[in-house]
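The values are calculated or read from the model by the stated rules, or taken from the named source; none is laboratory data. Small disclaimer: the values here were computed from a predicted structure and weren't measured. Here the Cβ is made from the backbone with ideal geometry for all residues, glycine too, and neighbour counts use every protein chain on show.
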Amino acid sequence: MALAGPLAFRIGYSLYARTRLGYLFYKRQVKKARERYPHGHSVPQPLMFRGVKILPIPVLSNNYSYLVIDTCSNTAAVVDPSDPLAVQAAIEQEGVTLQAILCTHKHWDHSGGNSALRQRHGSCKVYGSACDAVAELTNPLADQEIVTVGQLCFKALLTPGHTVGHMAYVLDGKPFEGPACFFSGDLLFLSGCGRIFEGTSETMLASLDAAAELAEDTLLWPGHEYALECLMFASLLEQENPALAQKLQWVTQQRVEKRSTCPSTIGEEKEYNPFLRTHCRELHRALGLQPLSDEDWDSFRARVLREVRRRKDLYKAN
């Protein structure tokens, strides 16, 4: 019986990710979300700096798509267009030309709008990993490859773990005298990370380490509005963490007002996100873990990550 839950979950995931049933489930999700949240699940907070506008688009019940605009040329890229109607409405409201879809991974709640937007914007290209069977993919990317849209320059980072070909995108902010922007998909959330569906804890650890190596002021734009739940879980592990307590208080107020919690920063995440704190003794003590005599440091950190992920999965199920 102990295996029934995980086995059923794996079967369900396989059906969602690899069969048409997943697409039909996604279509049902879209329909229900449009009815329940006609104006989106959260009030977005657009960000502007010289020559760039980033518009979060709340879609489905907790996803975010992002319209990233070069305001000088009125050209744009969209990250993970879950609901094509919501994305198209934003495109029309902003009066921009869509040139690129940057898809982090194949899951329908991130790629489901690719086809409809491609039909409407014939010259629009779809970028993503060839390893991930991204819908309507036209331009497969390799790790560290660059995508340009107008004056916008995105670096693709291969970050497997959630899926085998998961990619995140880093917008270079230097030409605009602003910070870098990290569109993390389901790799990294505010105080959380994605489930490890198609990798190992070692794979996910390496991907999270790549995110942690970004500049401290890099803005984090995650694929979901999970901040409150993730911070509540993290507070069970590190009850004496003042940065965590302060962020939880702020996020709680934001969510009372149905406001978006995006963006965070990489520097902030290192202070309270347990999935980026696998090196911290405070977390080790909370989990009751310590390195084995013959265990190297990265293997131990992967074990810490695996335990945090296991506890988070159980916490979410309650």
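From the list Glu257, Glu268, the one residue that fits, being acidic (Asp, Glu) and touching a Lys or Arg at 6+ places or on another chain (Cβ under 8 Å), is Glu268. Arg259 satisfies every condition listed in (1) closer than 24 Å to Pro179 by Cβ; (2) surrounded by fewer than 21 Cβ atoms within 10 Å (Cβ to Cβ); (3) without any contact (Cβ under 8 Å) to a residue 40 or more places away in the chain except (3). Scanning region 245-299 for residues that are of a type in the set (Ser, Thr, Tyr) and either within 20 Å of the chain's Cα centre (by Cα) or assigned to a helix (DSSP H, G or I) (or both) returns Thr252, Ser260, Thr261, Ser264, Thr265, Tyr272, Thr278, Ser299.
If you go through region 219-228 and pick out every residue that is buried (at least 20 other Cβ atoms within 10 Å of the Cβ) and closer than 22 Å to Leu283 by Cβ, you end up with 4. Taken over region 99-114, the criterion of being crowded, with 24+ Cβ neighbours inside 10 Å and without any contact (Cβ under 8 Å) to a residue 60 or more places away in the chain is satisfied by Ala100, Ile101, Ser111, Gly113, Asn114. Might you let me know whether region 143-159 holds any residue that is under 12 Å from the mean Cα position of the chain (by Cα) and under 28 Å from Cys230 (Cα atoms)? Yes, region 143-159 contains a residue that is under 12 Å from the mean Cα position of the chain (by Cα) and under 28 Å from Cys230 (Cα atoms). Scanning region 30-48 for residues that are touching a residue at least 40 places away in the same chain (Cβ under 8 Å) and surrounded by 15 or more Cβ atoms within 10 Å (Cβ to Cβ) turns up Val30, Ala33, Arg34, Gly40, His41, Ser42, Pro44, Leu47. Screening Gly22 against (1) modelled with pLDDT of 95 or more; (2) more than 26 Å from Arg255 (Cα to Cα) leaves a single unmet condition, (1). Across region 262-300, the qualifying residues are those that are under 20 Å from Leu190 (Cα atoms) and of a type in the set (Lys, Arg), and the one among them that is surrounded by the fewest Cβ atoms within 10 Å (Cβ to Cβ) is Lys270. Could you tell me whether region 199-211 includes any residue that is part of a loop (DSSP other than H, G, I, E, B) and touching a residue at least 12 places away in the same chain (Cβ under 8 Å)? Scanning region 199-211, I find at least one residue that is part of a loop (DSSP other than H, G, I, E, B) and touching a residue at least 12 places away in the same chain (Cβ under 8 Å), so the answer is yes. If you check Thr163 against the conditions, is it modelled with pLDDT of 95 or more, assigned to a strand (DSSP E or B) and either over 18 Å from Asp217 (Cα atoms) or under 15 Å from the mean Cα position of the chain (by Cα) (or both)? It is false that Thr163 is modelled with pLDDT of 95 or more, assigned to a strand (DSSP E or B) and either over 18 Å from Asp217 (Cα atoms) or under 15 Å from the mean Cα position of the chain (by Cα) (or both). Here is a check on your reading of the model: is Leu137 of a type in the set (A, V, I, L, M, F, W, C), part of a loop (DSSP other than H, G, I, E, B) and buried (at least 20 other Cβ atoms within 10 Å of the Cβ)? Taking the combined requirement at face value, the residue satisfies it.
Checked against the criteria, Arg50 counts as more than 22 Å from the chain's Cα centre (by Cα) and of a type in the set (D, E, K, R). For region 161-174, taking the residues that are within 15 Å of Ile54 (Cα to Cα) and in contact (Cβ under 8 Å) with a residue 60 or more places away in the chain, the one that is surrounded by the most Cβ atoms within 10 Å (Cβ to Cβ) is identified as Leu171.
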